[in-house]
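Only one structure is covered here, and it is reproduced in the block below.
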Amino acid sequence: MTLTDAPPRESLATVSLSKSFGGVKAVDDATVTFVDGKVNALIGPNGSGKTTFFNCVTGMIKPDSGSVSYRGNDVTGRSPHRIARAGIGRSFQLCRIFPRMTVLENVLVAHRTDGLRSLLKGARNDDEIERARGYLRRVGIDHLERSEAADISYGQQKLLELAGVLMAEPDLIMLDEPAGGVNPALIGRIGTLIRELNAEGRTFVVVEHNMEMVMSLSDHVIVFDRGRPIAEGPPSEVQTDPRVLEAYLGV
Amino acid sequence: MLNASDRLSVSKAFVAKVVVFAACAAALLTFPSWAANPYILSAGVVVLSYAVLSTSWNFVGGFTGYISLGHAAFFGLGAYGTALLITKLDLSSFVAWFLAGVGVALFAIPVGWAALRVRGASFVIVSIALVLIMLLVFQSWSDFTGGSNGLVVPRPFPDMLRPEHHETFFYLFAALLAVTLLCWWLIDRSRFGMGLKAIREDEDKAEALGIPTYSYKLVVYVVSAFFTALGGGMYALWFGDLDPVFQFSILIGSYMVLMALLGGVRQLYGPLLGALIVGTALEYFKLEFGDTQFHLVATGLLLGIVVLFMPDGIIPAGMKLVDRFTPERSSIREMTAAELLERDQSESSERAGRHASTPSDPEPSTTEKAKR
Ligand SMILES: Nc1ncnc2c1ncn2[C@@H]1O[C@H](COP(=O)(O)OP(=O)(O)OP(=O)(O)O)[C@@H](O)[C@H]1O
Ligand SMILES: [Mg+2]
């Protein structure tokens, strides 16, 4: 499941992307291309700029310079909802859900709406509810659909966030530490889910510190250090790359 | 799972709702006939106008969670717009009233466009600035607005006697309130409303899910300004005399906020209930103690109490109280908790099977919470 013969297509790509906070260069001249149809992993030590990179790509913060393109279209500086509608879904490192809505509503919200008509339609459309339930079932929390999202466990909230992302039917799914703060049984479930969804044709970019998960899950690994990629390749190669070892152990 | 009993309780709740609604509507609509004197009746008109204003405010405050303390700007503009269209352009009263509402809605587009770029406390401050600017403009541009001398609004029904005038406006305000509530209800149950509520909960997250939050906020802000202006215009037609200090007062804006918060901003009838309580209290204080500043202190205290002890307002607080005495309703949560436990147990046993080395952790949900 690592290498294929077909030439990789471009999915998401950045050119010389930079973003500083005060004097800190969080993302520094990062030129990265993710492989379409694959599970891409983005790893790197704490503070290496992975989350900031995510935020720049998804429009949550404006990069200082550089560009972002998705499937060949320039999406630099577009607002987050337009990037979401272009087909990029994301999760947040500290899982973000709508705490005072029910689990089902959390998923229903994410449905893409077009046009005034559909906006004024009832929020509880039967087809949509069925679709939302389908995603809840997929992540395994459909039995909680009537609970308030604030009341379910953190691991379940992570699954809920994923279900919400899926509801918007993105082609590219960016997950910021899906296994962070989650118990091992759930990590296994999330890994399986990512693999299944990938098999259905969705591209993934996963930021993760759990190396076991990264190595077993990903097809392509990009290593960040101090805001820029320092190595990339199949997991087995990256694992033994001296630069990567240095970034993780050195300084 | 719970379907059969659910449906039963839903239909029961529905019947109860209809009965309560009919009773309240009847009490409201017959008020003019059992109001003791014209003074009480005019107090009723004031309370209803507060209900309209507070419900209008709640389009922004309730759905998006943006607290505007400056909605008096739209109230005053609606009032002055109506009066000026009648006096300067000779339009008939209710045509002027409606056109003023539309005009204020148009005015709210650039205002919202600018104000909705900031969130939280900054938005509150911008909203206050708006009403202060309006106050200054209307005070100093006295050739046009009458300034501090006031502006007399021609009466729409010149032949009516006072009691009749109050009664007519009581029903006009009731009708306006009904339309405002209907519009809020329609948004509440729509996909648009769900997006707005997502903004209230977490605006960035809503954006990331593809909701054009800025446009959503702007639309609902304009709707809110429109109804607030209609409330202001109706007030002008009823009261017949305008003064910038009253029309553009922070106090009026604060009342709208207080009433909505007190009743509950997430509830359709929250602002109405808050207006009934606060409005009645205000009118009572004015009657008992005259026009002292005492009611200001009382208002401030009440606002503090609500924010500290009932952040969701009295409707949710009351519902929680009712919940405590009715076992069926709370069973939904118990059921979830039981299922949660069941799931956690199956998960931990599954895990114990796979990783024989980690049986010391029987309840994943608690450990996950601890990690947070
Ligand atoms: N909003 C912000 N304001 C100021 N500095 C920030 C902000 N966000 C990130 N930084 C800084 O940018 C750098 C990169 O942070 P970032 O969160 O992107 O790293 P990361 O690779 O995601 O780390 P981790 O693995 O711990 O999540 C850090 O030095 C951080 O302190
Ligand atoms: Mg991070």
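The values are calculated or read from the model by the stated rules, or taken from the named source; none is laboratory data. Here the structure is a predicted model, which means the values were calculated and not measured. Cβ: placed from backbone, ideal geometry, glycine included. Neighbour counts: every protein chain shown. Calculation scope for accessible area: heavy atoms of the full protein, side chains included, ligands and nucleic acids excluded. Shrake-Rupley method; radii C 1.70, N 1.55, O 1.52, S 1.80 Å.
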Report whether or not A:THR51 is surrounded by fewer than 22 Cβ atoms within 10 Å (Cβ to Cβ), closer than 17 Å to A:LEU12 by Cα and near ligand 1 (Cβ under 10 Å from one of its atoms).
yes
Within region B:182-225, the count of residues that are open to solvent by less than 40 Å² (accessible area, probe 1.4 Å), of a type in the set (Val, Ile, Thr) and within 10 Å of chain A (Cβ to nearest Cβ) comes to 4
Test A:GLY77 against the criterion of being in contact with a Ser or Thr (Cβ under 6 Å, 6 or more places away or on another chain) and away from ligand 1 (no atom under 16 Å from the Cβ), and give yes or no.
no
Is it the case that region B:265-287 has a residue that's hydroxyl-bearing (Ser, Thr, Tyr), in contact (Cβ under 8 Å) with a residue 40 or more places away in the chain and buried (at least 19 other Cβ atoms within 10 Å of the Cβ)?
yes
If you go through region A:29-48, how many residues are surrounded by fewer than 19 Cβ atoms within 10 Å (Cβ to Cβ) and within 12 Å of ligand 1 (Cβ to nearest atom)?
3
Given A:ILE97, A:ILE141, A:ILE152, A:ILE173, which one is among the β-branched types (Val, Ile, Thr) and more than 10 Å from chain B (Cβ to nearest Cβ)?
A:ILE173
Within region A:143-166, does at least one residue satisfy the condition of being within 16 Å of ligand 1 (Cβ to nearest atom) and open to solvent by 30 Å² or more (accessible area, probe 1.4 Å)?
no
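For the structure I just gave you, tell me whether B:LEU301 is open to solvent by 20 Å² or more (accessible area, probe 1.4 Å), out of contact with any strand residue (DSSP E or B) (no Cβ under 7 Å at 6 or more places or on another chain), aliphatic (A, V, I, L, M) and part of a helix (DSSP H, G or I). Break it down stepwise before answering.
Numbers: open to solvent by 20 Å² or more (accessible area, probe 1.4 Å): yes; out of contact with any strand residue (DSSP E or B) (no Cβ under 7 Å at 6 or more places or on another chain): yes; aliphatic (A, V, I, L, M): yes; part of a helix (DSSP H, G or I): yes.
So B:LEU301 fits the description; yes.
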On the given criteria, is A:LEU94 within 13 Å of ligand 1 (Cβ to nearest atom) and closer than 22 Å to A:LEU175 by Cβ?
yes
Pairs, please: C-beta under 9 Å, at least 6 apart or cross-chain, first residue at positive phi and within 16 Å of ligand 2 (Cβ to nearest atom) and in region A:167-195, second assigned to a loop (DSSP other than H, G, I, E, B) and of a type in the set (Lys, Arg)?
A:GLY181/B:ARG372
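Of B:GLY233, B:GLY270, B:GLY263, B:GLY240, which residue is within 30 Å of B:SER93 (Cα to Cα), more than 14 Å from every other protein chain (Cβ to nearest Cβ) and modelled with pLDDT under 95?
Details: B:GLY233 fails: modelled with pLDDT under 95; B:GLY270 fails: within 30 Å of B:SER93 (Cα to Cα); B:GLY263 fails: within 30 Å of B:SER93 (Cα to Cα).
Just one listed residue meets the conditions, B:GLY240.
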For region A:39-69 the number of residues that are in contact with a Cys (Cβ under 8 Å, 6 or more places away or on another chain) and within 14 Å of chain B (Cβ to nearest Cβ) is 1
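Checking the condition in contact with a strand residue (DSSP E or B) (Cβ under 7 Å, 6 or more places away or on another chain) and either hydroxyl-bearing (Ser, Thr, Tyr) or in a helix (DSSP H, G or I) (or both), which residue from B:ALA236, B:ALA229, B:ALA275 passes?
Numbers: B:ALA229 fails: in contact with a strand residue (DSSP E or B) (Cβ under 7 Å, 6 or more places away or on another chain); B:ALA275 fails: in contact with a strand residue (DSSP E or B) (Cβ under 7 Å, 6 or more places away or on another chain).
When all the criteria are applied, what remains is B:ALA236.
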In this structure, is A:GLY188 open to solvent by 10 Å² or more (accessible area, probe 1.4 Å), more than 14 Å from chain B (Cβ to nearest Cβ) and more than 16 Å from ligand 1 (Cβ to nearest atom)?
no
Any residue at all in region A:160-177 that's farther than 25 Å from A:ALA13 by Cα and either at pLDDT below 90 or basic (Lys, Arg) (or both)?
no
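Can you say whether A:ARG85 is on the phi > 0 side of the Ramachandran plot, away from ligand 2 (no atom under 16 Å from the Cβ) and within 17 Å of the chain's Cα centre (by Cα), as far as the supplied structure shows? Reasoning before the result, please.
Working: on the phi > 0 side of the Ramachandran plot: no; away from ligand 2 (no atom under 16 Å from the Cβ): yes; within 17 Å of the chain's Cα centre (by Cα): yes.
Spelling it out, it is not the case that A:ARG85 is on the phi > 0 side of the Ramachandran plot, away from ligand 2 (no atom under 16 Å from the Cβ) and within 17 Å of the chain's Cα centre (by Cα).
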Given the residues B:LEU177, B:LEU99, B:LEU106, which is the only one that is away from chain A (no Cβ under 14 Å), at pLDDT 95 or above, open to solvent by less than 10 Å² (accessible area, probe 1.4 Å) and in a helix (DSSP H, G or I)?
B:LEU177
Do we have any residue at all in region B:50-61 that's within 19 Å of the chain's Cα centre (by Cα) and open to solvent by 10 Å² or more (accessible area, probe 1.4 Å)?
yes
